[in-house]
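Following: one structure in structure tokens, then a few remarks.
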Amino acid sequence: HLDPLHVSALPGLLQRFTSMPVVEAEDGMTVAADRVYVIPPNKDLSLLHGRLLLLEPFAPRGLRLPIDFFLRSLAEERQERAIGIILSGMGSDGVFGLRAIKEKDGLTLVQEPAGAQAESMPRSAIEAGVADIVAPAEVLPQRILQYLAHPARMLPAEPDLQAEVLSALDQVIILLRERSGNDFSLYKTNTLYRRIERRMAVHQLATMKDYVRFLRGNLQETDLLFKELLIGVTSFFRDAEVWETLRSESIPTLLAANPGGKALRAWVAACSTGEEAYSLAIVFKEAVEKLQPEARFTLQIYATDLDPDAIDRARKGCYPDNIAADVSPERLARYFVAEEGGGYRISKDIREMVVFATQNIAGDPPFTKLDILSCRNLLIYFGAQLQKNLLPLFYYALNRDGLLLLGSAETIGNFGHLFVPVNNKARIFRRLDQALPVAGLELPSR
């Protein structure tokens, strides 16, 4: 990410150290194996259907985050085949990109900061918990080759999982429950298996039995696996259309339905490090300011997650400079305070709208009398039974005409008669007032 006016000498410099051809990336270039591509100055680099795309930078003079931008597109394009590596560098560019790769079950590696000329980029990635392997730069190639050579077992359809693998999976679930107090038995079997398989490849363990043995003697690995199962890519205003729909249509409709004013309530389930809860607080404030209703409206947001470390970070409301990729300069100036050591902190008035708490959505009682319930990109990790249990619970938790927000990959299937789409593209649904019991469902009495 060189200065826009700088002519790059990097391809020539790198060519001295490798027999592979080193080329500067050109728009539309098809990616070939055993070749090194270098980003040109004043461009953002993306990957689509095996071709490199060059884009004009969003903020040429402001903070540029080309590494996050590229790694996010790599994660989308190559899914579990993506590998991201962060070497020496200044700032925190790359943290969000590595997180996206981890969510898609790819591999992330970071140079040991002690050996880096500029250690802040590798250190930021390690502190964010997004590094699978941390090692000196010269060791990283060997670690990648070992990972790729690991005997990858293709995952059969769930009923055909070998009995011994299922037995070992149950043992892992028991060890996780003993250590964290949380039961993962209702999660999708293939999701659990894929995440465990990654950890096996990182540690070069051949069988599930070996991994169970390793877990039993290693509490740190149990904690890492717990975090691995919860890894979620979150960012401010993720899926911009959802937030614009809320700000300009859904929230104004809620306000209009309560002309006398109201203390509204919202629940953000699986809030991770808080970006979504704070985004909701901001768009609510903006909607109210635009409409300037005579009556008084407030919004109390309850934001919960299974991971106590994520909740601690969410409460602090401190985020790296990278959020400038997702938050407009106007919103940064209005709702954030720049920290002396770099990064931003959510302003006090927004922070006071949100109450954070550790909660297991699968077992703990829900919040009730809600006007908005956001559960985005969580149901996709749950097995069919848990999904079936949760949707009536969401129905029960919401007020009449309350809003349910789901993730882009989620559907509410044959529960369509409990909720009606408000905006299908944005995945916003409205709770119907159901007078009769629904066949096959047990709705808790209010």
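The values are calculated or read from the model by the stated rules, or taken from the named source; none is laboratory data. The model shown is predicted, which means the values in this text are computed figures rather than measured ones. Don't worry about glycine lacking a Cβ; one is built from the backbone with ideal geometry, like all the others, and counts go over all protein chains shown. Ligands, DNA and RNA are excluded from the accessible area calculation, which covers all protein heavy atoms including side chains. Shrake-Rupley method; radii C 1.70, N 1.55, O 1.52, S 1.80 Å.
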Item to check | Rough spin-label spacing in nm, given labels placed 7 Å along Cα→Cβ, for LYS262 and LYS425 | outcome: 2.7
Checklist entry - Computed FRET efficiency, Cβ-Cβ of ALA384 and ALA338, R0 35 Å: what is it to the nearest 0.05? => result 0.15
Item to check | Sequence-distant residues sharing a close amide H with ASN42 (under 5 Å, placed H) | outcome: LEU2
Checklist entry - Based on the Cβ-Cβ distance from LYS209 to GLU138, what FRET efficiency comes out when R0 is 35 Å, to the nearest 0.05? => result 0.60
Next on the checklist: Please list, by residue number, everything in region 80-101 whose backbone N is under 16 Å from a paramagnetic label point 7 Å out along Cα→Cβ of GLN117.
Outcome noted: 87-91
Checklist outcome for this item: Expected unfolding gain across GLN162-ARG315 under the 0.36 nm per residue rule, minus the alpha-carbon gap, is 50.8 nm
Checklist entry - In region 233-250, which residues have a backbone nitrogen under 17 Å from the label point lying 7 Å from LEU63's Cα in the Cα-to-Cβ direction? => result 234-238
Checklist entry - Want the number for LEU148 to ASP401: 0.36 nm per residue separation, take away the alpha-carbon distance, what's left? => result 86.0 nm
Checklist entry - What FRET efficiency, computed as 1/(1 + (r/R0)^6) with R0 = 41 Å and r the Cβ-Cβ distance, is obtained for ILE83 and ASN414, rounded to the nearest 0.05? => result 0.55
Item to check | Over the chain: Kirkwood hydrodynamic radius from C-alpha pairwise inverse distances, Å | outcome: 23.9
Checklist entry - At q = 0.12 Å⁻¹, what base-10 log of I(q)/I(0) does the Debye formula yield for region 9-127 when every alpha carbon is treated as an equal point scatterer in vacuo? => result -0.45
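Kirkwood hydrodynamic radius (Cα pairs, Å) of region 231-357? Write down the numbers at each step before the final one.
Working: mean 1/r = 0.0664 Å⁻¹.
Roughly 15.1 Å, rounded to one decimal.
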Item to check | Cβ crowding within 10 Å averaged over residues, with 91-98, 124-131 ranked highest first | outcome: 91-98, 124-131
Checklist outcome for this item: Filtered hits (aspartates and glutamates, Cα-Cα < 17 Å from LYS369, offset >= 8 within chain) -> ASP401, ASP433
Checklist entry - Relative contact order of the chain: what whole-number percent is it, with Cα pairs under 8 angstrom and at least 6 residues apart? => result 9
Item to check | Probe 1.4 Å, protein heavy atoms only - accessible area per residue of the chain in square angstrom | outcome: 50
Checklist entry - Which percent, to the nearest 5, of DSSP beta bridges fully inside the chain are antiparallel? => result 40
Checklist entry - How much of the accessible area of the chain, in percent, comes from carbon and sulfur atoms when a 1.4 Å probe is used? => result 53
Checklist entry - In angstroms, what radius of gyration and Dmax does region 290-372 have, counting Cα atoms only? => result 15.5, 42
Checklist entry - Can you give the extra length, in nm with one decimal, that the chain gains between GLU244 and VAL355 once fully stretched, where that is 0.36 nm per residue apart less the Cα-Cα distance? => result 37.6 nm
Item to check | Under-5 Å amide H pairs with PHE237, H placed in peptide plane, nonlocal only | outcome: SER279
Next on the checklist: As a test question: what accessible area, to the nearest 10 Å², does TYR302 have when a 1.4 Å probe is rolled over all protein chains in place?
Outcome noted: 40
Next on the checklist: Out of the trypsin sites (Lys or Arg not before Pro) in region 307-401, which ones are loop residues according to DSSP with at most 12 other C-beta atoms within 10 Å?
Outcome noted: LYS369
